[in-house]
Amino acid sequence: KLIELSKGCDGILTSITDKIDEDTINKLPDTIKIISNFAVGFGNIDLETAKKKSIIVTNTPDVLTDATAEIAMLLILGAARRASEGIEQAKSSKWKWSANFLIGKQLNGARLGILGMGRIGRAVAKLARAFGMIIHYHNRSKLSATLEMGATYHDSIKSLFSISDFLSINCPATKETKHIINGKTIKYFPDGAVISNSARGDMIDDEAMVEALKNGKFFSLGLDVYNGEPNIHPEYLILPNVFVLPHLGSATIKTRTAMGDLAVSNIEEFFKTGKCKNEIN
Ligand code: GLV
């Protein structure tokens, strides 16, 4: 369908549900010069093949940073304060307040590890600081003091995970980050940690995660993204300590409008100037 639609076109505007793999790119008409992705992530596009065919690929950074950081906080709060169980109880009309009813984890005073301190990771840090969390991070490189804003850098994931009462995953999906949360690395965490993922499903080995949620290694998990979307690992839908959302990171009118405007202006900029500042390949 996409290939049909692109006949006679100079560029295409794609979303994360469009799988633009090697085969698709090779079948695109030669007139296509740009693939403008309506997302900051670009795991849906084979950048190398596009490059080989001299097609530039662009994304929509910055405009979705705040909306995504807000969803990251919702995941942290939802998982820590047992929102899934709370909603179920409230709707059952069978609940009764008691001193130890649905006791969760408090954010204030806890250490938040941020995996990936790019634009979104830093925006999460800013919001989490307002909740009284103490910010630690791991990133490919240490940030400048201005960008760090007092956060503590860890040069390995082992070091970061071992102090993370909470973890927010905000790194891109790459070969290096695939299944970075796995049976081995889960052991690094303090018992009872709360994990949240607002980036991409790829970072989590779901089987190892389910095990850690069942055996109490992790207190809870908040997820907005999944391996094999729109499918969700069936255990995540059953386990009471998992708080799930359907990939809503950038879903606000303000942000989606800005993403659309940027995805279009990336195409315009490219055809006007021959390049584009949001080019990613
Ligand atoms: C959404 O997931 C995005 O990458 O923009």
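Being touching a Leu at 6+ places or on another chain (Cβ under 9 Å), within 16 Å of the ligand (Cβ to nearest atom) and open to solvent by less than 20 Å² (accessible area, probe 1.4 Å): is that true of ASN37 here? Criteria met by ASN37. Every test in (1) open to solvent by less than 30 Å² (accessible area, probe 1.4 Å); (2) not basic (Lys, Arg); (3) not in a loop (DSSP other than H, G, I, E, B) is passed by SER162 save one, and that test is (1).
Among the residues here, ARG119 does not qualify as touching a helix residue (DSSP H, G or I) at 6+ places or on another chain (Cβ under 7 Å), within 19 Å of PHE218 (Cα to Cα) and open to solvent by 70 Å² or more (accessible area, probe 1.4 Å).
For the subset of the stretch 211-232 comprising residues that are open to solvent by 10 Å² or more (accessible area, probe 1.4 Å) and closer than 15 Å to HIS179 by Cβ, which member is farthest from the chain's Cα centre (by Cα)? Among residues in the stretch 211-232 that are open to solvent by 10 Å² or more (accessible area, probe 1.4 Å) and closer than 15 Å to HIS179 by Cβ, the one farthest from the chain's Cα centre (by Cα) is GLU211.
Which ones in the stretch 135-150 are touching a helix residue (DSSP H, G or I) at 6+ places or on another chain (Cβ under 9 Å), open to solvent by 30 Å² or more (accessible area, probe 1.4 Å) and not in a loop (DSSP other than H, G, I, E, B)? Correct list: HIS138, LEU147. Within the stretch 228-264, being within 16 Å of the ligand (Cβ to nearest atom) and either small (Gly, Ala, Ser) or part of a strand (DSSP E or B) (or both) holds for GLY228, VAL244, GLY249, SER250, ALA251, ALA258, GLY260, ALA263.
GLY183 meets all of the listed conditions (1) surrounded by 14 or more Cβ atoms within 10 Å (Cβ to Cβ); (2) farther than 25 Å from LEU64 by Cα but one, namely (1).
It is to be established whether one or more residues within the stretch 268-275 are surrounded by fewer than 20 Cβ atoms within 10 Å (Cβ to Cβ) and touching a Lys or Arg at 6+ places or on another chain (Cβ under 9 Å). Looking through the stretch 268-275, at least one residue is surrounded by fewer than 20 Cβ atoms within 10 Å (Cβ to Cβ) and touching a Lys or Arg at 6+ places or on another chain (Cβ under 9 Å).
The number of residues in the stretch 165-179 that are in contact (Cβ under 8 Å) with a residue 24 or more places away in the chain and open to solvent by 10 Å² or more (accessible area, probe 1.4 Å) comes to 8.
The values are calculated or read from the model by the stated rules, or taken from the named source; none is laboratory data. All values reported here derive from a predicted model rather than from experimental measurement. Note: ideal-geometry Cβ built from the backbone for every residue, glycine included; neighbour counts use all protein chains shown. Ligands, DNA and RNA are stripped out before the accessible areas are found, and what is left, the full protein with its side chains, is counted by its heavy atoms. Shrake-Rupley method; radii C 1.70, N 1.55, O 1.52, S 1.80 Å.
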